[in-house]
Amino acid sequence: MPAYHQAMNRAEFEAVVDEVIAELPEWVVERIDNLVVVVEERPTPAQLDQHGGLLGLYEGVMLADRGEHYFGAMPDKITIFRQPHLAMNLPPARLRRQIRRTVLHEIGHHLGIGDERLHEIGWG
């Protein structure tokens with residue numbers, strides 16, 4: 001089996017994440033609030049203990065759960081983990097699609113969309 005993952009370095013991976021964000025539909029962009037998206041190599045041991053295997057992680061207060069007293073909070077954070085994606089050993093086009101799916105899935109959590117609905121709309 002070819003080692004596809006060697007073809008995507010960190011800068012290329014981050015560029016794919018940036019492309020996904022740049023291509024978000026307007027209705028999504030209008031709803032995003034107080035959010036940062038970062039790329040890390042892999043989940044921390046604590047993140048793995050709490051969540052198991054991860055491609056991405058949303059940490060914050062979903063928009064649907066924010067009340068009138070939500071202000072001055074640190075930004076919500078979406079982390080996309082590079083090494084777990086590369087470990088899937090997907091051909092380049094499929095890897096790009098998986099990165100896209102992961103980014104959209106985590107943004108969906110920020111918007112307050114549950115896993116079942118994310119799968120229905122192709123974001124899960």
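The values are calculated or read from the model by the stated rules, or taken from the named source; none is laboratory data. Bear in mind the structure is a predicted one, so any value in this text is a computation, not a measurement. Note: ideal-geometry Cβ built from the backbone for every residue, glycine included; neighbour counts use all protein chains shown. The area values use the complete protein model at the heavy-atom level, side chains included, leaving out ligands, DNA and RNA. Shrake-Rupley method; radii C 1.70, N 1.55, O 1.52, S 1.80 Å.
If residue 34 passes every condition in (1) farther than 17 Å from residue 108 by Cα; (2) surrounded by 14 or more Cβ atoms within 10 Å (Cβ to Cβ) but one, which one does it miss?
With respect to (1) farther than 17 Å from residue 108 by Cα; (2) surrounded by 14 or more Cβ atoms within 10 Å (Cβ to Cβ), residue 34 is out only on (1).
Would you say residue 42 is more than 21 Å from residue 123 (Cβ to Cβ) and touching a strand residue (DSSP E or B) at 6+ places or on another chain (Cβ under 6 Å)?
The answer is yes for residue 42.
Mind checking which pairs have a first residue in the range 37-52 that is in contact (Cβ under 8 Å) with a residue 40 or more places away in the chain and open to solvent by less than 50 Å² (accessible area, probe 1.4 Å) and a second that is of a type in the set (Lys, Arg) and in a strand (DSSP E or B), Cβ under 7 Å, 6 or more apart or different chains?
38/77
Would you point out the residue of the range 67-124, among those that are of a type in the set (Ser, Thr, Tyr) and in contact (Cβ under 8 Å) with a residue 40 or more places away in the chain, that is surrounded by the fewest Cβ atoms within 10 Å (Cβ to Cβ)?
Ranking the qualifying residues of the range 67-124, first place goes to 79.
Go through 50, 6 for me and flag whichever is out of contact with any helix residue (DSSP H, G or I) (no Cβ under 7 Å at 6 or more places or on another chain) and at pLDDT 85 or above.
Step by step, each of 50, 6 is checked, and only 50 is out of contact with any helix residue (DSSP H, G or I) (no Cβ under 7 Å at 6 or more places or on another chain) and at pLDDT 85 or above.
Tell me which residues, restricted to the range 20-31, are touching a helix residue (DSSP H, G or I) at 6+ places or on another chain (Cβ under 8 Å) and open to solvent by 80 Å² or more (accessible area, probe 1.4 Å).
Answer for the range 20-31, where residues must be touching a helix residue (DSSP H, G or I) at 6+ places or on another chain (Cβ under 8 Å) and open to solvent by 80 Å² or more (accessible area, probe 1.4 Å): just 31.
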